[in-house]
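Before I ask anything, here is the structure I am working with.
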Amino acid sequence: MRTIRLLLLFPAVAVISLAQEDSAAKNELAFGLGGVPSFSRSDTPNLNAGSGVGFEVNYGRRFLGGDKFALYGEINFLASPLRDVSSSVTSATKNFASLYVTPGVRLKVFPKSRIAPYFAIGGGYADYEQSTTQINGQPNTAPRELSRGVFDFGAGVDFHVWRWVALRGEARDFCTGSPNYNVATISGGQHNLVASGAIVLRWH
């Protein structure tokens with residue numbers, strides 16, 4: 001989670017000093033806040049993961065551009081601090097936190113317009129941190145940390161409100177292996193949906 005904190009500090013001075021009026025700036029840095037909806041696993045026995053909050057940082061750089069389309073390389077960071085788990089199996093992991101780091105590409109439509117929709121796809125690293133206790137309050141036998149691969153895809157739209165500032169709304173799905181729920185019958189992958197809003201800083 002330290003990576004996210006550092007990214008919140010690093011770009012601020014540089015962005016303000018370098019900002020110029022350009023409707024299709026080469027660099028974009030977004031700070032977002034999102035909601036992670038709850039979901040139920042269909043495995044037997046059932047397990048439910050509660051809703052959560054997602055903190056997102058996204059850096060993108062345009063390397064191909066035109067009036068109708070622009071292609072960006074990006075790296076996306078998403079951290080969800082805590083999601084409660086409920087299950088009839090009381091020895092299941094009580095809660096978990098997650099971090100996704102996904103380099104990828106973003107295709108933006110009408111990048112010089114005030115309203116610019118886009119599509120994004122990528123993949124990378126997922127980290128899950130399981131709780132130290134089970135639902136029943138006993139010590140959790142699952143490992144504290146678990147690394148997974150992740151594939152993400154989504155879409156959004158940028159609303160350019162000033163020469164170097166935009167607002168962003170987007171939805172993404174992070175497809176990963178499961179956290180360690182400490183339930184033997186639950187395995188395989190899961191979808192982690194996130195809907196978020198962000199402020200975007202743009203510069204050359």
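The values are calculated or read from the model by the stated rules, or taken from the named source; none is laboratory data. Keep in mind that this is a model prediction, so the values were computed, not measured. Just so you know, the surface numbers come from the protein's heavy atoms only, side chains and all, with ligands and any DNA or RNA stripped out. Shrake-Rupley method; radii C 1.70, N 1.55, O 1.52, S 1.80 Å.
Over the chain, what is the mean sequence separation of C-alpha contacts under 8 Å (at least six apart), divided by residue count, expressed as relative contact order in percent?
It rounds to 22 percent for the chain.
How are the Cα pair distances of the chain distributed, in percent, across 5 Å bins from 0?
1, 7, 15, 19, 16, 13, 9, 7, 5, 4, 2, 0
For the stretch 136-204 and the stretch 64-132, write down the distance between their C-alpha centroids in whole Å.
What the calculation gives is 4 Å, centre to centre.
Across the chain, how many lysine pairs separated by 8 or more positions, or lying on different chains, have Cα atoms within less than 27 Å?
Number of lysine pairs found: 5.
For the chain, what does -39500 (n - 2.57) per DSSP helix run (n ≥ 4), summed and divided by total residues, give at 222 nm, in deg cm²/dmol to the nearest 500?
Taking each H run of at least 4 residues, the total per residue is -2000 deg cm²/dmol.
Just to check I understand the Karplus step: with θ = phi - 60° and J = 6.51 cos²θ - 1.76 cosθ + 1.60, what whole-Hz values come out for the stretch 48-56, glycine and proline as x?
Coupling constants for the stretch 48-56: 10, 9, x, 6, x, 10, x, 10, 10 Hz.
Quick one: Karplus J couplings for the stretch 186-201, per residue in order, coefficients 6.51, -1.76, 1.60, θ = phi - 60°, nearest Hz, x for Gly and Pro?
Coupling constants for the stretch 186-201: 9, 8, x, x, 8, 9, 10, 7, 9, 10, 9, x, 8, 9, 10, 9 Hz.
Turning to a different aspect of this structure: What value in Å³ per residue do you get for the convex hull of the alpha-carbon atoms in the stretch 21-81?
Dividing the Cα hull volume of the stretch 21-81 by its residues yields 128 Å³.
How many Å² of accessible area per residue for the stretch 35-185, probe 1.4 Å?
Working: 6850 Å² over 151 residues.
Spelled out: the 1.4 Å probe surface of the stretch 35-185, per residue, equals 45 Å².
Dividing the alpha-carbon Rg of the stretch 33-119 by 2.2 N^0.38 Å yields what?
Rounded to two decimals, the normalised Rg is 1.53.
I'd like the carbon and sulfur percentage of the solvent accessible area for the chain, probe radius 1.4 Å, heavy atoms only, ligands and nucleic acids excluded. Kindly include the intermediate steps, with their values, before the conclusion.
On the way: 6190 of 9830 Å².
C and S atoms contribute 63 percent here.
Over the Cα atoms of the stretch 138-204, how large are the radius of gyration and the largest Cα-Cα distance (Dmax), in Å?
18.0, 55
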